[in-house]
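Trainee: Have a look at this one.
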Amino acid sequence: MTEPLLKVENLKKHFPITGGILGRPVSSVKAVDGVSFTVNKGETLGIVGESGCGKSTTGRMLMRLIDPSDGKVTFEDRELTSLSNSEMRKIRREMQMVFQDPFASLNPRHTVEKILEEPLKVHGMGSAKERKERVHELLNIVGLSSYHAKRYPHQFSGGQRQRIGIARALMTKPKLIIADEPVSALDVSIQSQVLNLMQDLQKEFGLTYIFIAHDLGVVRHISDRVGVMYLGKMVELSDSENLYEKPLHPYTQALLSAVPVPDPDFERDTILLQGDIPSPSNPPSGCTFHTRCPHATDMCKQKVPEFKEHQPGHYVACHLY
Ligand code: SF4
């Protein structure tokens, strides 16, 4: 039976744009504009979209690394947006983040041991001896060795550094991991190793993942369900099989048509989208995808499509359905 771990309702982040001598807000960038979804215990939800679609801002808002402008985030039975900073700090023990660039997210002046111990110290967990033991345990779990503990981040390859980033996220035994483009900076051959490691860890520790990526190909094998974002909104959400086999939204169809298929006999027309993503400070009227959509009608320019359940578990925001 599916049991929700995290519930996101109408989440928004509007960054004000100021102008004039007094620096008053004159408009806003709608980085995230009313996103809703649920993540069930033990599953992986992929969130996909081009850069600037608001997927990373969404991930950061779930951790309250960025405060939302509106909406609710409920983790188990706790509503996170109303918590004080100190209450939120305690919750972060149960939800951790893995970042895209492992080199930038690891302090270059600290040894791996110090980097991995840090989350335990922040949350007051364990004695010095227990913390060290946990560091060595985690290094082995992620496929490194105890002797790596005294080394510095620059002494590792990109893939090894991401293993350290994953180990750091696991130190506090979290329930939820939000991975923001965790393999995008890695070579393709290393990407699959890190993805396999994440899948093994999920099985072993019963983890729940939110896996953010710009490429539908990367999330396919790791995600149980996938949400597609465009200009701050979720436009389609479904279990992976349905989304990849029968995508409904024209934007998802275009993204999928660009994913390479490792089968020389498989033929598929690439759907080329016209133009660039419009600016989130001045999004198009109606369906924000209408400026690039091959099926756009007059109604699409005027009316915002509702994000609704078209088939059980398959949600889409498009007037075609
Ligand atoms: Fe295209 Fe209209 Fe559907 Fe938007 S609502 S995706 S413009 S068909």
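The values are calculated or read from the model by the stated rules, or taken from the named source; none is laboratory data. Everything quoted here is computed from the prediction, not taken from an experiment. Please note: Cβ atoms are built from the backbone with ideal geometry, for glycine as well, and neighbour counts cover all protein chains shown. The protein model used for the area step is the full one, side chains on, heavy atoms only, and it has no ligands, DNA or RNA in it. Shrake-Rupley method; radii C 1.70, N 1.55, O 1.52, S 1.80 Å.
Trainee: Calculated from DSSP H runs of 4 or more alone, at -39500 (n - 2.57) each and per residue, what is the 222 nm mean residue ellipticity of the chain, nearest 500?
Mentor: Rounded to the nearest 500, the figure is -8500 deg cm²/dmol.
Trainee: Rolling a 1.4 angstrom probe over the protein heavy atoms, how many square angstrom per residue are accessible across the chain?
Mentor: 49
Trainee: Then there is this: Which percent, nearest 5, of DSSP beta bridges in the chain are antiparallel?
Mentor: That works out to approximately 65 percent antiparallel.
Trainee: Next question. Which of HIS290, HIS221, HIS310 moves most in a GNM of the chain, Cα contacts under 10 Å?
Mentor: HIS310
Trainee: For GLU43, enumerate residues with amide H under 5 Å from its amide H, sequence gap 5+ or separate chain, H modeled in the peptide plane.
Mentor: TYR209
Trainee: Ok, one more. Which of the peptides 197-203, 36-42 is most tightly packed, and how do the rest follow, judged by the mean count of other Cβ atoms within 10 Å per residue?
Mentor: So the order, starting with the most tightly packed, is 36-42, 197-203.
Trainee: Greater than 21 Å separation of Cα atoms is the criterion. Which listed pairs, LYS7/LYS175; LYS13/LYS55; LYS41/LYS129, meet it?
Mentor: LYS41/LYS129, as the Cα separations exceed 21 Å there.
Trainee: Assuming 1.567 mPa s and 4 °C, estimate D for the chain with Stokes-Einstein, Rh taken as the Kirkwood radius over Cα pairs, in µm²/s.
Mentor: D, rounded to a whole number, is 62 µm²/s.
Trainee: Any idea what the relative contact order of the chain is, in percent, if you count C-alpha pairs under 8 Å spaced at least 6 apart?
Mentor: 19
Trainee: When you count, for each residue, the other Cβ atoms within 10 Å and take the mean per peptide, how do 184-190, 63-69 rank with the highest first?
Mentor: Values: 184-190: 13.7, 63-69: 16.9.
Most protected by this proxy first, the peptides run 63-69, 184-190.
Trainee: A further question on this structure: Quick one: with all protein chains in place, what share of the accessible area of the chain is carbon or sulfur, to the nearest percent (1.4 Å probe)?
Mentor: 49
Trainee: In nm, to one decimal, how far is the ASP215 label point from the LYS301 one, both placed 7 Å along Cα→Cβ?
Mentor: Between ASP215 and LYS301, the label points sit 3.7 nm apart.
Trainee: Please compute the modelled spin-label separation between ILE271 and ARG89, points set 7 Å along Cα→Cβ, answer in nm with one decimal.
Mentor: In this crude label model, ARG89 to ILE271 measures out at 4.8 nm.
Trainee: Additional query: Measuring from centroid to centroid over Cα atoms, what is the spacing of the stretch 51-114 and the stretch 279-321 in Å?
Mentor: 30
Trainee: Sort 148-157, 170-179 for me by packing, meaning the mean count of neighbouring Cβ atoms within 10 Å per residue, highest on top.
Mentor: The most tightly packed comes first, giving 170-179, 148-157.
Trainee: Could you give the nm distance between label points at HIS110 and ILE190, where each point is 7 Å from its Cα heading toward the beta carbon?
Mentor: For the pair HIS110/ILE190, the computed spacing is 2.1 nm.
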